[in-house]
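**Q** What follows is a structure written as structure tokens; I'll ask about it next.
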Amino acid sequence: MKITFASGKGGTGKTTISTNLTSYLASMGENVVLADLDVEEPNSALFIKSTLKKTEISNKMIPKWEEADCTLCGKCAEVCNFNAIVAMPKEILVFPELCHSCYACSELCPTNSLPMTPSRIGEIKEFKADGFSLIEGRLDLGQEMAVPLIAQTIEYADKNFSDSIKILDAPPGTSCPVIEASRGSDFVILITESTPFGLNDLTLAVETMKVLKQKFGVIINRYGIGNNGVEEYCRDENIPIITKVQNDKEVAKLYSKGELIYPKIEHFKNSLDDIVKFIGGLK
Ligand code: SF4
Ligand code: SF4
């Protein structure tokens, strides 16, 4: 079972809910792992007391120009859809930040002058917490392409925790990184707020899920602020509302101190129970 927590925008409480849910499931004896896929700024580890167990270097494959046999025909630059290769009069320039590792230039080069070679983009870390593991993908500073590291972090979780329930904390938004974090999951839970901004971003996220043909439901966080636009939208679109998490200053206080919330706030724990029940019904 693989569940992705996503949201159309940042700050909706996605990490708060996914970290608390993982810890709660572990406290119930479930075999569970949390993967933080917000690789540009992973922060799940701030809310979970854990110790670092393992670090793996993450690479992506990029072409490396070998001058010796190159005829400067320019085919590699022509075939690259991402402008990652520029054919100069006397040399071939490769821009690793733009490369999508599609292998086209390397495969099409008539003189094999562009072998694909590994290039570091970040790290995958495995932490041991109380009753569960946390996997974190973290891009190196200056790296722009999140998708390869997200894919590798999911692969790490699949390989090393094949029997566990996997909770994936996706990056915010509706672009390629969140698509990568969602497409292999059994179910996506979209976290939103009951405000016009929340509704706007939710509709974008819902459109993305529909394009992916992904099964999904909604959690309304900070319920009680704003209006009932999100509820009406979900009713009209026939989207299940899994739970409504009450707006509560005490939740915000615990969050700001980096503490887990469910052990201290009953209504928050009740919302986690709703999620657990819903996930149980998916099996
Ligand atoms: S396709 Fe190969 S031979 Fe042609 S310019 Fe590029 S590297 Fe050189
Ligand atoms: S591997 Fe693909 S994206 Fe990267 S430089 Fe070659 S053609 Fe461009």
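**Q** Hey, any hits in the stretch 253-271 for a residue that's assigned by TED's automatic domain parsing to the domain that holds residue 6 and touching a Gly at 6+ places or on another chain (Cβ under 7 Å)? It would help to see each step written out before you state the result.
**A** Applying the first criterion (assigned by TED's automatic domain parsing to the domain that holds residue 6) to the stretch 253-271 yields 253-271.
This time we only want the ones that are touching a Gly at 6+ places or on another chain (Cβ under 7 Å), so: none.
No, that holds for no residue.
**Q** Among the residues of the stretch 164-171, is any modelled with pLDDT under 95, away from ligand 1 (no atom under 16 Å from the Cβ), in a helix (DSSP H, G or I) and surrounded by 21 or more Cβ atoms within 10 Å (Cβ to Cβ)?
**A** Within the stretch 164-171 (the criterion being modelled with pLDDT under 95, away from ligand 1 (no atom under 16 Å from the Cβ), in a helix (DSSP H, G or I) and surrounded by 21 or more Cβ atoms within 10 Å (Cβ to Cβ)), the answer is no, since none of the residues qualifies.
**Q** Restricting the stretch 29-55 to residues that are of a type in the set (Lys, Arg) and modelled with pLDDT of 95 or more, which is nearest to ligand 1 (Cβ to nearest atom)? Before you say what the answer is, go through the steps one by one.
**A** From the stretch 29-55, those of a type in the set (Lys, Arg) are 49, 53-54; that's our starting set.
Subset that is modelled with pLDDT of 95 or more: 53-54.
Numbers: 53: 42, 54: 38 Å.
In this case the residue turns out to be 54.
**Q** If a residue has to be of a type in the set (Val, Ile, Thr), assigned to a strand (DSSP E or B) and within 10 Å of ligand 1 (Cβ to nearest atom) to count, how many in the stretch 81-130 make the cut?
**A** We begin by selecting, within the stretch 81-130, every residue of a type in the set (Val, Ile, Thr); these are 85-86, 92, 94, 111, 117, 121, 124.
So of that shortlist, the ones also assigned to a strand (DSSP E or B) come out as 85-86, 92, 94, 117, 121, 124.
Next cut, within 10 Å of ligand 1 (Cβ to nearest atom) only: 85, 92, 94.
Summing the residues that are of a type in the set (Val, Ile, Thr), assigned to a strand (DSSP E or B) and within 10 Å of ligand 1 (Cβ to nearest atom) in the stretch 81-130 gives 3.
**Q** Now for a separate question. Given the criterion touching a Ser or Thr at 6+ places or on another chain (Cβ under 7 Å) and among the basic types (Lys, Arg), identify the matching residue among 49, 2, 54. Spell out how you get there, then give the answer.
**A** On the way: 49 fails: touching a Ser or Thr at 6+ places or on another chain (Cβ under 7 Å); 54 fails: touching a Ser or Thr at 6+ places or on another chain (Cβ under 7 Å).
From the options 49, 2, 54, the qualifying one is 2.
**Q** Related question: Hey, can you tell me all the residues within the stretch 132-159 that are buried (at least 23 other Cβ atoms within 10 Å of the Cβ) and outside any loop (DSSP other than H, G, I, E, B)? It would help to see each step written out before you state the result.
**A** If we filter the stretch 132-159 for residues that are buried (at least 23 other Cβ atoms within 10 Å of the Cβ), which is where we start, we get 132, 134-137, 146, 149-150, 153-154, 157.
Listed by number, the residues that qualify are 134, 135, 136, 137, 149, 150, 153, 154, 157.
**Q** Among the numbered criteria (1) touching a Ser or Thr at 6+ places or on another chain (Cβ under 8 Å); (2) surrounded by fewer than 18 Cβ atoms within 10 Å (Cβ to Cβ), which one does residue 87 miss?
**A** (1)
**Q** For the stretch 96-118: of the residues being within 15 Å of residue 60 (Cβ to Cβ) and either over 33 Å from the mean Cα position of the chain (by Cα) or at pLDDT below 95 (or both), which is farthest from ligand 2 (Cβ to nearest atom)?
**A** Filtering the stretch 96-118 for residues that are within 15 Å of residue 60 (Cβ to Cβ) and either over 33 Å from the mean Cα position of the chain (by Cα) or at pLDDT below 95 (or both), the one farthest from ligand 2 (Cβ to nearest atom) comes out as 97.
**Q** Then there's this: So, in the stretch 56-71, exactly how many residues are surrounded by 13 or more Cβ atoms within 10 Å (Cβ to Cβ) and either within 11 Å of ligand 1 (Cβ to nearest atom) or small (Gly, Ala, Ser) (or both)?
**A** Residues in the stretch 56-71 being surrounded by 13 or more Cβ atoms within 10 Å (Cβ to Cβ) and either within 11 Å of ligand 1 (Cβ to nearest atom) or small (Gly, Ala, Ser) (or both): 6 in total.
**Q** Still on this structure, please answer the following. Just give me the residues in the stretch 204-250 being buried (at least 17 other Cβ atoms within 10 Å of the Cβ), modelled with pLDDT under 95 and either part of a loop (DSSP other than H, G, I, E, B) or among the hydroxyl-bearing types (Ser, Thr, Tyr) (or both), in sequence order.
**A** Selection gives 208, 214, 223, 226.
**Q** If I ask for residues that are within 13 Å of ligand 2 (Cβ to nearest atom) and either touching a helix residue (DSSP H, G or I) at 6+ places or on another chain (Cβ under 7 Å) or part of a loop (DSSP other than H, G, I, E, B) (or both), which ones from the stretch 47-73 would you list? Quick ask: steps written out before the conclusion?
**A** Of the residues in the stretch 47-73, the ones within 13 Å of ligand 2 (Cβ to nearest atom) are 60-65.
Scanning the stretch 47-73 gives 60, 62, 63, 64, 65.
**Q** So residue 88 passes all but one of these: (1) over 30 Å from residue 15 (Cα atoms); (2) within 11 Å of ligand 2 (Cβ to nearest atom); (3) among the hydrophobic types (A, V, I, L, M, F, W, C). Which condition number does it fail?
**A** (2)
The values are calculated or read from the model by the stated rules, or taken from the named source; none is laboratory data. The structure presented is a predicted model; accordingly, all values stated were derived computationally and were not measured. Quick reminder, even Gly has a Cβ in these numbers, built from the backbone with ideal geometry, and neighbours come from all protein chains shown.
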